[in-house]
Amino acid sequence: MTTPLSQMPKPDTESFRDRRKLFLVPIILMSPDAPSDGQELLERYWSEVRDHVTNLEGSLGEVGHVYHEAVYNDGDEGIKMLEAMNPKGYSFIQAMCQSSAKLEATDDRALLEEASDWQLCLAMGLVSEKVLSAAVEGYQRATSGRFEHIGNRIGETLKENEAGVLFIREDHRVQFPDDIQVFYVAPPALDALKRWLNDQARSAAQSRERPEEPGEGEAAQ
């Protein structure tokens, strides 16, 4: 069961004493070349995530396990992957791992690479319906396998009365064990960031659809 943080009363420590707790943090990755206002929103988001997770730790206990999708190594190798993959959230996650938490190898490398390859195939714009169907099926199969692996890793490593934090995209389909109480971390900056990304996508789509004006591209005849 997932409890939105914005709708949740202050957690009662006693009611969760023997439960496994998982703080679920949506990750939004952005190109380093993105406009500065988007970068500032992303920095604000991670600052608010840090504050919310710190508040949850104060009520429910320190995070002992860090899980991050697409990270398939633990220890120093996993930290290096995080730094390259999620530079805005890296300092906060690294600080937890240097304190009370252990970075867990979360994803399955073979399935992650397979899903990535199928996604690249789909992005090419396949012509054959047979090939397209095979690519869609392969991508869905690999992605489902990844989510199952992530759920199993959390179930295996998160022990009774421990707290963990999972960084993963919002559209994930990970199924968690029934005895894990999931707290969804959604600070105000998350909605602002989503609106900004939607506005960027809409502007890009409108630019592609806009007829070319004389003087743009080839000169008008």
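The values are calculated or read from the model by the stated rules, or taken from the named source; none is laboratory data. Since the model is a prediction, treat every value here as computed from it, not as a measurement. Quick reminder, even Gly has a Cβ in these numbers, built from the backbone with ideal geometry, and neighbours come from all protein chains shown. Ligands, DNA and RNA are excluded from the accessible area calculation, which covers all protein heavy atoms including side chains. Shrake-Rupley method; radii C 1.70, N 1.55, O 1.52, S 1.80 Å.
Assorted remarks:
- Screening the stretch 56-81 for residues that are acidic (Asp, Glu) and under 23 Å from Asn152 (Cβ atoms) and picking the one that is least open to solvent (accessible area, probe 1.4 Å) gives Glu69.
- Number of residues in the stretch 160-189 that are assigned to a loop (DSSP other than H, G, I, E, B) and not aromatic (Phe, Trp, Tyr): the value is 16.
- Whenever a residue of the stretch 79-91 is more than 17 Å from Ala105 (Cα to Cα), its partners that are part of a helix (DSSP H, G or I) and open to solvent by 80 Å² or more (accessible area, probe 1.4 Å), lying with C-beta atoms within less than 8 angstrom and at least six residues away or across chains, give the pairs Lys88/Glu43.
- For the condition open to solvent by less than 70 Å² (accessible area, probe 1.4 Å), in a helix (DSSP H, G or I), among the acidic types (Asp, Glu) and more than 17 Å from Val66 (Cβ to Cβ), Glu114 qualifies.
- Flag for Phe147 being surrounded by 12 or more Cβ atoms within 10 Å (Cβ to Cβ), in contact with a His (Cβ under 7 Å, 6 or more places away or on another chain), modelled with pLDDT of 90 or more and in a helix (DSSP H, G or I): yes
- The set of residues in the stretch 81-111 being of a type in the set (A, V, I, L, M), assigned to a helix (DSSP H, G or I) and closer than 30 Å to Ala135 by Cβ consists of Met81, Leu82, Ala84, Met85, Ala110, Leu111.
- Residues that are among the aliphatic types (A, V, I, L, M) and touching a Lys or Arg at 6+ places or on another chain (Cβ under 8 Å) occur in the stretch 62-70; there is at least one.
- Strands (runs of 3 or more DSSP E) completely within the stretch 1-71 that count 2 or more residues being closer than 22 Å to Ile180 by Cα and at pLDDT 90 or above: 20-26, 63-68
- Scan of the stretch 38-55 for residues that are surrounded by fewer than 14 Cβ atoms within 10 Å (Cβ to Cβ) and among the charged types (D, E, K, R), ordered by number: Glu40, Glu43, Asp51
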